[in-house]
Amino acid sequence: MATASASSPSESREQYTPPLPPGRPVELPGRGTTWIRELPGPPSAAGRPAVVLLHGLIANADLNWFTSFDALGRDFRVIALDHRGHGRGIRVGARFRLADCADDVAALADVLGLDRIVVAGYSMGGPIAQLTCHRHRSLVAGMVLCATSRNFWSSPRSQVAFQFMAGASAALQMTPWRYRRMIVDQFVSRRIRDRGPLADWASTELRRNDPAAVLAAAGALTRFSSHEWIGQLDVPTTVIVTARDQLVPPHRQRKLAAAIPGAEVIEIAADHSACFEQPQLFVPALVRACRSVSARAAASRSA
């Protein structure tokens, strides 16, 4: 991350924010209010499915995709939303379910008048993308799955982790907000040591999260598995494998690709945080993947 002279997070937040598309709250009827970023794309994008970006655990739309918005917006209409409990997403406390996030995507598409979309999911966004396609097949024209898998943490140790996260999530739900903020502050200080302007902005964004929901989301990931139905998803798909990933093992990412009929694979020599730490590798791969999926979706419709 960039470095700069020392300053307080609030001062840096006022002085610097990465270039971002316009953002606004959107009410999803019967579900709650979420937050989206949106780019209209060029005139040629009118005939293509919009690309809906689904962020990873702990992040929000801005943190996960700020390096990607401009490049994607040159080809596509782009929408990115904050998931439940993350950023300015719907507040649910410990009642986080990945399936609800998938249904939020479908509800958002309905509000925006989108009848066909390409879902692009990163890490936790991968299961949400898979579930969106599984639960709303007529809506999804294609998938781009990045640094993700059919299942997460399936070892016996993960079961212990889930028990802990579920209990911690329930406890945090009953914790006063100011103490939740203290927990987030400690988390941020351990992971963001460079106090430059970009780090201060990221720190502010992370503090938008509800810790109870984030822990519940982590627990939901330990239970997620699409292995019984992933092979039924017959939409054009590209899997971006982060080949140096230390969080989601690359062999699991490749298994995901192998399980989806006709899936294309793009490998990049990057770790799990490629979306913001190695954008020079990730962003071209993402654009290539979205172009490929969109072209194959158009070909299948005209056939």
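The values are calculated or read from the model by the stated rules, or taken from the named source; none is laboratory data. The model shown is predicted, which means the values in this text are computed figures rather than measured ones. Neighbour counts are summed over all protein chains in view; Cβ atoms, including those assigned to glycine, are modelled from backbone coordinates with ideal geometry. For the accessible areas, the whole protein counts, side chains as well, though only heavy atoms, and no ligand, DNA or RNA atoms are used. Shrake-Rupley method; radii C 1.70, N 1.55, O 1.52, S 1.80 Å.
Quick grid of which residues meet (1) touching a Leu at 6+ places or on another chain (Cβ under 8 Å); (2) open to solvent by less than 60 Å² (accessible area, probe 1.4 Å); (3) modelled with pLDDT under 95:
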| site | (1), (2), (3) |
| --- | --- |
| THR3 | no, no, yes |
| SER10 | no, no, yes |
| PRO18 | yes, yes, yes |
| GLY30 | no, no, no |
| THR34 | yes, yes, no |
| PRO40 | no, no, no |
| GLY47 | no, no, yes |
| VAL51 | yes, yes, no |
| GLY56 | no, yes, no |
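If I filter the range 233-256 for residues that are more than 20 Å from ASN64 (Cα to Cα), modelled with pLDDT of 95 or more, within 18 Å of the chain's Cα centre (by Cα) and aliphatic (A, V, I, L, M), do I get at least one hit?
Checked against the condition, which is being more than 20 Å from ASN64 (Cα to Cα), modelled with pLDDT of 95 or more, within 18 Å of the chain's Cα centre (by Cα) and aliphatic (A, V, I, L, M), the range 233-256 yields at least one hit.
So LEU198 ticks every box in (1) among the aliphatic types (A, V, I, L, M); (2) surrounded by fewer than 21 Cβ atoms within 10 Å (Cβ to Cβ); (3) in contact with a His (Cβ under 9 Å, 6 or more places away or on another chain) but one. Which box is left unticked?
(3)
Among the residues of the range 77-99, is any over 24 Å from ALA218 (Cα atoms) and either touching a Pro at 6+ places or on another chain (Cβ under 8 Å) or open to solvent by 20 Å² or more (accessible area, probe 1.4 Å) (or both)?
Yes; the residues of the range 77-99 include at least one that is over 24 Å from ALA218 (Cα atoms) and either touching a Pro at 6+ places or on another chain (Cβ under 8 Å) or open to solvent by 20 Å² or more (accessible area, probe 1.4 Å) (or both).
Taking ASP245 as the residue in question, decide whether it is within 25 Å of TYR16 (Cβ to Cβ), out of contact with any strand residue (DSSP E or B) (no Cβ under 7 Å at 6 or more places or on another chain) and surrounded by 17 or more Cβ atoms within 10 Å (Cβ to Cβ).
Details: within 25 Å of TYR16 (Cβ to Cβ): no; out of contact with any strand residue (DSSP E or B) (no Cβ under 7 Å at 6 or more places or on another chain): yes; surrounded by 17 or more Cβ atoms within 10 Å (Cβ to Cβ): yes.
Spelling it out, it is not the case that ASP245 is within 25 Å of TYR16 (Cβ to Cβ), out of contact with any strand residue (DSSP E or B) (no Cβ under 7 Å at 6 or more places or on another chain) and surrounded by 17 or more Cβ atoms within 10 Å (Cβ to Cβ).
Could you give every pair whose Cβ atoms fall below 8 Å, whose first residue belongs to the range 102-130 and is on the phi < 0 side of the Ramachandran plot, and whose second residue is at pLDDT below 95 and among the hydroxyl-bearing types (Ser, Thr, Tyr), counting only separations of at least 6 or pairs across chains?
none
Out of the range 107-131, which residues are surrounded by fewer than 18 Cβ atoms within 10 Å (Cβ to Cβ) and touching a Ser or Thr at 6+ places or on another chain (Cβ under 9 Å)?
ASP115, ARG116
Restricting attention to the range 271-285, and to residues there that are closer than 19 Å to GLY73 by Cβ and open to solvent by 60 Å² or more (accessible area, probe 1.4 Å), which single residue is nearest to the chain's Cα centre (by Cα)? Working first, answer last.
Step one: filter the range 271-285 for residues closer than 19 Å to GLY73 by Cβ, giving 275-276, 279-280, 282-285.
Remaining after also requiring open to solvent by 60 Å² or more (accessible area, probe 1.4 Å): 276, 280, 284.
Numbers: PHE276: 12, GLN280: 19, PRO284: 18 Å.
Going through the qualifying residues, I end up with PHE276.
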